[in-house]
1. In nm, what is the difference between 0.36 nm times the number of residues separating residue 311 and residue 249 and their Cα-Cα distance?
2. Treating only the Cβ atoms of Lys and Arg (+1) and Asp and Glu (-1) as charged, compute the dipole magnitude of the range 221-335 about its Cα centre; round to the nearest 20 debye.
3. What is the dipole size for the range 92-392, taken about its Cα centre, with +1 at each Lys and Arg Cβ and -1 at each Asp and Glu Cβ, in debye to the nearest 20?
4. Got the relative contact order for the range 92-392 handy, in percent, Cα pairs under 8 Å and 6 or more residues apart?
5. Can you tally the net charge around residue 337? Count Lys and Arg as +1, Asp and Glu as -1, for every other residue whose Cβ sits under 12 Å from the Cβ of residue 337.
6. Express the C-alpha Rg of the range 92-392 as a ratio against the empirical globular expectation 2.2 N^0.38 Å, rounded to two decimals.
Amino acid sequence: MSTAALITLVRSGGNQVRRRVLLGSRLLQDDRRLTLTCHGSTSEPQCSRFDPDGSGCPATWDNFGIWDNRIDEPILLPPSIKYGKPIPQISLANVGCASHIGKRKENEDRFGFARLTDEVLYFAVYDGHGGPAAADFCHTHMEKCIKNICFNNSPGDSIDQNLQHLIWDHFKDLLPKEKNLETVLTLAFLEIDKAFARHARLSADATLLTSGTTATVALLRDGIELVVASVGDSRAILCRKGKPMKLTTDHTPERKDEKERIKKCGGFIAWNSVGQPHVNGRLAMTRSLGDLDLKTSGVIAEPETKRINLHHADDSFLVLTTDGINFMVNSQEICDFVNQCHDPNEAAHAVTEQAIQYGTEDNSTAVVVPFGAWGKYKNSEINFSFSRSFASSGRWA
């Protein structure tokens, strides 16, 4: 798709022009010139580049190698012009989400998604431990924190007035606004962690000092630039050509670099009765938001980040999951389960329910974001086996 063709589309269309309009603006002249007769008979329907098989159905974007037609969204014209190729608009109405309590007394998982600006979308999952306080705090304030760092917004009325000064005191020193989304997410994680620490120490509730949460946050800019930041063992997976691309790496004491940092800071690793390593015998991860009592033992809030450009002809979806799913269902299984579903909401429920069927007892949360190749890589041979080996699943898959 040339930039000239897209500029022509802007002049003749508007930002809600559908894909067939773009096809028309690009191929109208060729269609008039290259009309062919099907089956060698002038009495039968004619076929063209719009209707290559004479079926009466219009050509899809996938016929032209751009993206699959199962996601019925208009293109984003400014980003399409910027990148020189059509980019579909990702609608929040099509995002799927599900959260199951499992066999726990309380669901400490939280998730969210929002449009921060016309260009930037936000998706997140948080898996709380030691109570839901830290996960609730992140769920409530992370979105606003990112907006403040990116766009220099004041806290506004959307933040609890009792916490407004705690958070804005950190943001005001971050001017001018930051454009690099990896830096934005790193700053947001660190500032939220500081704000929660101040909130916990001013609170009469002493349990907040041992409350913590994982955090996996994704920002999508212009429908094509995907940036993910994570602490803990919640995950982000991109499904490309039907195969999982892991965008996060678990922060667990099994990692040599993480274990060395814990030891250098004076912490220690202890194994529980089932052979799982924990920091100071308490925490199964080496990075988190909150867990204030373990900060001096090397548990940090700085996330690892990853940036990737989407290929809408190949990328089907992004899925964010908490460890209630990750410990029981491996990345390829998640891709396979989602690819069998008709829509992202059904897919999110299928993933969480499958984790329960496989035996998870933890809270299980999934957020599924569809991209251009949604529905393109279905595998009709997938078997939903309840007897597959535990060794093929879990955090090491």
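Just so you know, all these numbers are worked out from the coordinates, no wet-lab data involved. This structure is a prediction, so every number in the text was calculated from the model and none was measured. No Cβ is skipped: glycine too gets one built from the backbone with ideal geometry, and neighbour counts run over all protein chains shown.
1. Numbers: separation 62, 0.36 × 62 = 22.32 nm, distance 2.20 nm.
Separation in residues times 0.36 nm, less the Cα-Cα distance, equals 20.1 nm.
2. Working: 17 positive and 16 negative charges, 54 e Å.
For this selection, approximately 260 debye.
3. On the way: 33 positive and 40 negative charges, 123 e Å.
Roughly 580 debye, rounded to the nearest 20.
4. Numbers: 672 pairs, mean separation 70.9, N = 301.
Dividing the mean separation by the residue count of the range 92-392 yields 24 percent.
5. Numbers: positive: 378; negative: 333, 336, 346, 353.
Once all neighbours under 12 Å are counted, the net charge is -3.
6. Working: Rg = 18.8 Å, N = 301, 2.2 N^0.38 = 19.2 Å.
Computed over Cα atoms of the range 92-392, the ratio equals 0.98.
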